[in-house]
Structure formats: structure tokens, C-alpha cells
Amino acid sequence: MVPSGHVRNLPASISLSPLTVGLHMAEHEDLDALWRKARPDDLASLRRLDTALVRSGYQVEGKTVREWIAALAGDRIRWFDGRDAHDRVCQAGLAAVPALIEALVRADQEASWQATRNMLGQCVAALGTIDPLPTCAIPALLDVLRQPVARVRRMALAVLTRMRPRATPMALRAVLPCLKERGDTPTRQHAAQVLAAMQDPLPDEVRVAALSLLGDAHRAVRREGLHVLARFPRDEEVLTALEEQAIVDDENRNEALRVLSLLAPSRAIPRLLEVASSARSRRQEDGPPPPSWRGPLGETRRLEDGKRALLFIARLGVRGAEALAPLDALRSVEVLAPYVDAVMDDITRAVLRQQAPPLRTDRFQEPLCAALLTDVAWPVERTEEPSLALRPWLESLAAFGTEVEVRVALAAARHVLWLWESQDPNNDWSRRAVMAMDRWLCEPSEEHAAQVAEVGNFTPSQFCAPDAFSAAWSVNYACGCVPRPSAPVAPRPPEVDPLGACVHAACRALSRRSVITFALGASEESPEPLSPHASARQVHRAIVDEVLPWACGAWDPVKDTPRLRKALRADGWRIPGAP
């Protein structure tokens, strides 16, 4: 990706001093080559670029990068929400990284303790904001963990989580002591997040530290300890600890079962089904209910836990096939019926994908397949919205008719639906809308179109987390692609584009950004957000993966799923080829 400050095409806010224009023209080719060779994981390449830009008189809004960094000492720490100087530094992109690292090293030389604190926090925030993330700054951020300012340490840990450092001895020596900050719960929580995100296999000392976190007094720290243990898939002590945590830690029961389901599905599924079954009656039949199920909101929490347990099984895909028979028995529970059907469909679709014949490459030259496989012109400038690059591709697909448009929208909405369901499982409007779209594609009748229009007319609360908010809107827009029943047939106005809005909202959901307006909520169920570019590419891939098999005549993820589910039920839920 070429940063926005590329000398070949400088924006108005980034300039060269008048006295060095001639020098810039003479060194144009060298600077151009240095920009292309600049890598976020290679500090040497960024230092060469920095040296050349300093020599050329590179400026942002009338000041050099180092002048803007010097101004950071006057800005109080704000959690990744900088002021003018911070924004100008980030505008320089990777070109600012060497100077930011230098400022971190020299921060102790500022005029006052407050200025040192400001400089450290603002430099860490800038390194966490620059896109792509400059992973070459990981050693400098590890050094920041020795600073006495708690907020700065937490900010550095948050950035390290996103950068995913390798599990080197140097990184472990810096991060593991943060787990022992007994008086600083957020620091312990962020340190556990870094360990869970580290690359490479983790050593045994991390496993021991994570097991000790399960006894922490604070729920959030215990939860993050579970995520670290997820990195040890074949450790019997870890699996036993997860089973015990699901029993003794009422506040993290579902999270312990979710992690256990990832590591050992056969050991987690019976327990998840037990949690789901508890929603069938108001009384706990075997002993008193857990503390979280008592009180005025106990009924609501019990239903949420049961539905989340079902969603965890759904995300296992083929590995959750052993749950199909007991799930079929749960369909009689009215409050669970939509989710039970959805889980069974998700597992059946995964089995179908596993057993499906290979794609018919001989049909890739047909117009629809060729359009699906057309390369997207992804933006190269950091300031451009990547999801907008999908618009021409989507318009070319919509030209093939309503069914194609609905299938594309359904694929995008289905891909992000879990972001909504995991945070508000008791609100099943979006799930019912997706299921109604499936029924319309199987049988495009006026009755089914009316169902889509009814359940799809759902507006999420602005107090949702941004990713859940955008995911719900993605489903809402997808329903707009289905022709309304008894509506007059008329050309759609050019400004009305439900397919483009659906895909745009799906991309915003994966990057934890709200669509239409600001979403003001937050949720611990939210996963780590993807970058805007990664989000757009993931949604694009999800659309191709679901629509291409149908387009080339290999198999149909929509219509073949209920057929296979019916056949499996008739055969006692035995999966062909399964042991």
C-alpha cells in the first residue's frame, strides 16, 4: 500500500519546502523506489525513507514530522483519539515511524514529568493508529512496558495485541511481569490479551501463568486467561481446567465452554446442550440455579446463555455434527426454535461443503462465473474507503437479475450475522430475516417475500456495539434486495442501492465501525476488529465462496442445505463417511 504522503502524488496537506523543489525533482526516482520498498516490519527500510524525506524537505501541513512530534508533549494523553499534532503525524504514515521510535527513546528528556507522560502516550497512540501497523516498532513498545505510568503501559499493551508479536524471550520477559500487577486489573487484562495474540507456539511458562489467572478475583482477567489457554489445544491439564472453570466460574461459564469447544468439541457439546436445554423450563430441576440466573433478570440471562451455547455449536461447523440429533429434539422448545433451526442449517451447510463435488472449472468462462471471479481494483491510498471498491463489482453482478442480487446480499449478511447474535441473542429478528431470505430463494413466492419484508424491517438500537449495529443493518439492507410483494414493478432509482449498502455495512461490521450513524455501545463479545482493507477482502471472499458453487452448477449452499438436512434426519443423523 502506498502511503498518502507518496512524493509522486502529494495531497494538498503534504508538501515540500519551496527551496527544495529542485532537489525533490532530482531525487524523484530514488524517493519513489524508497516508498515502494518501505515495509512496516522492516525498520531499516523506513529509516532510509525517513533520511531521504528529511533531505527533500518533506512536510505535513507546513511542518516537518519531527516538529509535529515535538508538539505532542503538549497534548495530554487521550486513548487513541489524538489532537491536531497526533493527526498530522499519522497522516505521514510509515514515514513517521523512525521519528516516533526516537521520541519514545528520548521521552525521559522532556522538560517535565507531564510532558514525558504526554509524549509517551501520544507516540504509542500514533504507532497504533498508522495503517499498516508498523510491527518493526514492537521492541520499542516492549521497552515502554517498563515505564511507571499505568495508562501508557496499557496503551502499549493494546497496540501490541494488534501487532501480534512473536513469543520471543524478550517479549515474554516484558509481558509476563505485567500479569503480576495485582493493583492494576486493566494491565493484567491487557497483558493476557497480548499473550493470547502472540505468534508461534507459546512456552510452558505461559500455560502456567494462564492457569493461575483462572483464580483471579476479577472476571475480565479470568476471561482473558481462558483465551490464553486456547493456545494449548492438546494439553490434558488445560482441558480439565476448562471443564472445571465452566462449573465453578458462573460469570465465565459460556466462555469456558466456547474455548473448550474449540479445543475438544466432543467434550464441550454435551455441556453446551445442557446449558441450552435449561431454557426449556423456568425451574432448575437438579439443584439451585447459578447466581447469574437469579433475580429480576435471571430469566433473560438464562435464555441468553442457552442461545449463546447454541451459537457456539453452530460455529463448530462439521465438528458439531454429533449435536444434530439432540438439537432436533430441542426444536420443540418454542423460545429456542429459530436458533436450533439456524444451528442445524449451519452445521448441515458445513457438511455439504465438505462433501460437495469440486467446482466445475469448465464453466468459469460463463458470464456470471467470470463476473464473480473478476479482480477488484482495491485502493492503494490509505484515505480511500476499501468497501467502495466493491461497488463496480457488485453492480456487474446485480445486472444478472434479482436472484443473483439476493444471493450476493445473503452471502454478505450471513457472514456477519454472528456479530449481532453473539451480542444480543434474545433478539432473533435478524436471524429470522436471513432464514426468510433462504426460503424465498428456495421458493420465490409472494408469501415468502412478505415474510422477508416483515422480519427484515428491523432497526437496531444505537446503543449497540458498532460491529453488531452494522451487522444488523447489513441484514436489513439485504432484505431490501428481495422484491416487495404486490409492489408495482418500476425501475429502481439510481440512489437506491440495497446491495451496495448491505455489503458496505458488512465491511464496516468486521472492522468494528458503525454505519449510518454512531453506535454508542460496547461489548466484550466483540472480536478483534479487522482493518478496513482486510474486512472488504473477507466479505468479497465470503460472497464468492457462497455464490460461485451455485453459479458453476456444482452445488447450491441455499437449496441443497434443506435437502441434505431432510436426508440426514431420515438416516438417523448419520454423516456419510464419518467414523
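The values are calculated or read from the model by the stated rules, or taken from the named source; none is laboratory data. Everything numeric here is computed off the predicted structure, so don't read it as measured data. Here Cβ is always computed from backbone atoms with ideal geometry, including for glycine, and neighbour counts include all displayed protein chains. Areas reflect the complete protein model, heavy atoms only, side chains present, ligands, DNA and RNA absent. Shrake-Rupley method; radii C 1.70, N 1.55, O 1.52, S 1.80 Å.
Of all residues in the range 527-553, which are open to solvent by 20 Å² or more (accessible area, probe 1.4 Å), touching a residue at least 60 places away in the same chain (Cβ under 8 Å) and part of a loop (DSSP other than H, G, I, E, B)?
Passing the criteria: P527, E528, P529, S531, G553.
Looking at the range 402-419 only, could you name the residues that are open to solvent by less than 30 Å² (accessible area, probe 1.4 Å) and either more than 17 Å from P338 (Cβ to Cβ) or modelled with pLDDT under 95 (or both)?
Let us first name the residues in the range 402-419 that are open to solvent by less than 30 Å² (accessible area, probe 1.4 Å), namely 404-413, 416-417, 419.
Of everything in the range 402-419, those that are open to solvent by less than 30 Å² (accessible area, probe 1.4 Å) and either more than 17 Å from P338 (Cβ to Cβ) or modelled with pLDDT under 95 (or both) turn out to be V404, E405, V406, R407, V408, A409, A411, A412, V416, L419.
Mind telling me which of the residues L172, L202, L160, L213 ends up being within 22 Å of N252 (Cα to Cα) and modelled with pLDDT of 95 or more?
On the way: L172 fails: within 22 Å of N252 (Cα to Cα); L202 fails: within 22 Å of N252 (Cα to Cα); L160 fails: within 22 Å of N252 (Cα to Cα).
Selected residue: L213, the only one of L172, L202, L160, L213 that is within 22 Å of N252 (Cα to Cα) and modelled with pLDDT of 95 or more.
Identify all residues within the range 61-75 that are touching a helix residue (DSSP H, G or I) at 6+ places or on another chain (Cβ under 6 Å) and surrounded by fewer than 24 Cβ atoms within 10 Å (Cβ to Cβ); write none if there are none. Full working, then the answer.
The first filter runs over the range 61-75 and keeps only residues touching a helix residue (DSSP H, G or I) at 6+ places or on another chain (Cβ under 6 Å), leaving 61, 65-66, 68-69, 71-73, 75.
Answer for the range 61-75, where residues must be touching a helix residue (DSSP H, G or I) at 6+ places or on another chain (Cβ under 6 Å) and surrounded by fewer than 24 Cβ atoms within 10 Å (Cβ to Cβ): E61, R66, A71, A73, D75.
Among S430, S396, which is the only one that is among the polar types (S, T, N, Q) and open to solvent by 10 Å² or more (accessible area, probe 1.4 Å)?
Numbers: S430 fails: open to solvent by 10 Å² or more (accessible area, probe 1.4 Å).
None of the others qualify; the one that does is S396.
When the residues of the range 329-339 are filtered to those that are open to solvent by less than 10 Å² (accessible area, probe 1.4 Å) and closer than 11 Å to D428 by Cβ, which remaining residue is modelled with the highest pLDDT?
So the first thing to find is which residues in the range 329-339 are open to solvent by less than 10 Å² (accessible area, probe 1.4 Å), and the list is 330, 336, 339.
Now restrict to residues that are closer than 11 Å to D428 by Cβ: 336, 339.
Numbers: L336: 85, Y339: 88.
This residue is Y339.
Looking at A85, A115, A107, A71, can you tell me which residue is among the aliphatic types (A, V, I, L, M), at pLDDT below 90 and over 25 Å from L157 (Cβ atoms)? Show your work before the answer.
Numbers: A85 fails: over 25 Å from L157 (Cβ atoms); A115 fails: over 25 Å from L157 (Cβ atoms); A107 fails: over 25 Å from L157 (Cβ atoms).
Criteria check complete, one pass: A71.
Could you figure out which of (1) within 24 Å of V408 (Cβ to Cβ); (2) without any contact (Cβ under 8 Å) to a residue 40 or more places away in the chain; (3) open to solvent by 40 Å² or more (accessible area, probe 1.4 Å) isn't true of D571?
Going through the list (1) within 24 Å of V408 (Cβ to Cβ); (2) without any contact (Cβ under 8 Å) to a residue 40 or more places away in the chain; (3) open to solvent by 40 Å² or more (accessible area, probe 1.4 Å), D571 breaks only (1).
Restricting the search to the range 109-139, which residues are more than 24 Å from L176 (Cα to Cα), assigned to a helix (DSSP H, G or I) and open to solvent by 40 Å² or more (accessible area, probe 1.4 Å)?
Those that are more than 24 Å from L176 (Cα to Cα), assigned to a helix (DSSP H, G or I) and open to solvent by 40 Å² or more (accessible area, probe 1.4 Å): Q109, W113, Q114, T129.
How about the range 435-524: which helices (runs of 4 or more DSSP H) wholly inside it have at least 2 residues that are at pLDDT 95 or above and of a type in the set (S, T, Y)? Spell out how you get there, then give the answer.
Numbers: elements: 446-455, 466-479, 498-510.
Answer list for the range 435-524: 466-479.
Just the residues that are open to solvent by less than 40 Å² (accessible area, probe 1.4 Å), closer than 17 Å to C136 by Cβ and among the hydrophobic types (A, V, I, L, M, F, W, C), please, taken from the range 35-52.
Scanning the range 35-52 gives W35, A38, L43, L46, L49.
For the range 200-211, how many residues meet the condition of being in contact (Cβ under 8 Å) with a residue 24 or more places away in the chain and either open to solvent by 70 Å² or more (accessible area, probe 1.4 Å) or farther than 17 Å from L179 by Cβ (or both)?
3
Considering only the range 175-199, how many residues are more than 17 Å from M155 (Cβ to Cβ), part of a loop (DSSP other than H, G, I, E, B) and modelled with pLDDT under 95?
The qualifying residues number 2.
Rundown of residues vs (1) in contact with a strand residue (DSSP E or B) (Cβ under 9 Å, 6 or more places away or on another chain); (2) buried (at least 17 other Cβ atoms within 10 Å of the Cβ); (3) more than 29 Å from S535 (Cβ to Cβ), yes/no style:
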| position | (1), (2), (3) |
| --- | --- |
| L141 | no, yes, no |
| P148 | no, no, yes |
| M163 | no, yes, no |
| V175 | no, yes, no |
| C178 | no, yes, yes |
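Looking at (1) under 26 Å from Q451 (Cα atoms); (2) surrounded by 14 or more Cβ atoms within 10 Å (Cβ to Cβ); (3) at pLDDT 90 or above, which is the one condition that is false for K566?
Looking at each condition in turn, K566 falls short on (2).
Cβ-Cβ under 9 Å, sequence separation 6+ or interchain: first residue in the range 431-446 and farther than 18 Å from L417 by Cβ and in contact (Cβ under 8 Å) with a residue 12 or more places away in the chain, partner assigned to a loop (DSSP other than H, G, I, E, B) and not hydrophobic (A, V, I, L, M, F, W, C). Which pairs?
Sorted first by the residue in the range 431-446, then by its partner, the pairs are C442/K559; P444/P483; E446/P485; E446/S486.
Among M155, M163, which is the only one that is farther than 19 Å from L226 by Cβ and in contact (Cβ under 8 Å) with a residue 60 or more places away in the chain? If you could, list the steps in order and put the result at the bottom.
On the way: M163 fails: in contact (Cβ under 8 Å) with a residue 60 or more places away in the chain.
Just one listed residue meets the conditions, M155.
Return yes when L359 is surrounded by 14 or more Cβ atoms within 10 Å (Cβ to Cβ), touching a residue at least 60 places away in the same chain (Cβ under 8 Å) and part of a loop (DSSP other than H, G, I, E, B) and no when it is not. Walk me through how you get there before you give the answer.
On the way: surrounded by 14 or more Cβ atoms within 10 Å (Cβ to Cβ): yes; touching a residue at least 60 places away in the same chain (Cβ under 8 Å): yes; part of a loop (DSSP other than H, G, I, E, B): yes.
For L359, the condition - surrounded by 14 or more Cβ atoms within 10 Å (Cβ to Cβ), touching a residue at least 60 places away in the same chain (Cβ under 8 Å) and part of a loop (DSSP other than H, G, I, E, B) - is met.
Does the range 229-262 hold any residues that are more than 18 Å from L316 (Cβ to Cβ), open to solvent by less than 20 Å² (accessible area, probe 1.4 Å) and among the β-branched types (V, I, T), and which are they?
Passing the criteria: only V238.
Considering only residues that are touching a residue at least 40 places away in the same chain (Cβ under 8 Å), aromatic (F, W, Y) and either farther than 17 Å from A509 by Cα or not in a helix (DSSP H, G or I) (or both), which ones fall in the range 386-420?
The answer is W393, and nothing else.
May I ask you to list the residues in the range 362-385 that are surrounded by 15 or more Cβ atoms within 10 Å (Cβ to Cβ), in a loop (DSSP other than H, G, I, E, B) and in contact with a Ser or Thr (Cβ under 6 Å, 6 or more places away or on another chain)?
Once the filter is applied, which keeps residues that are surrounded by 15 or more Cβ atoms within 10 Å (Cβ to Cβ), in a loop (DSSP other than H, G, I, E, B) and in contact with a Ser or Thr (Cβ under 6 Å, 6 or more places away or on another chain), the range 362-385 yields only R382.
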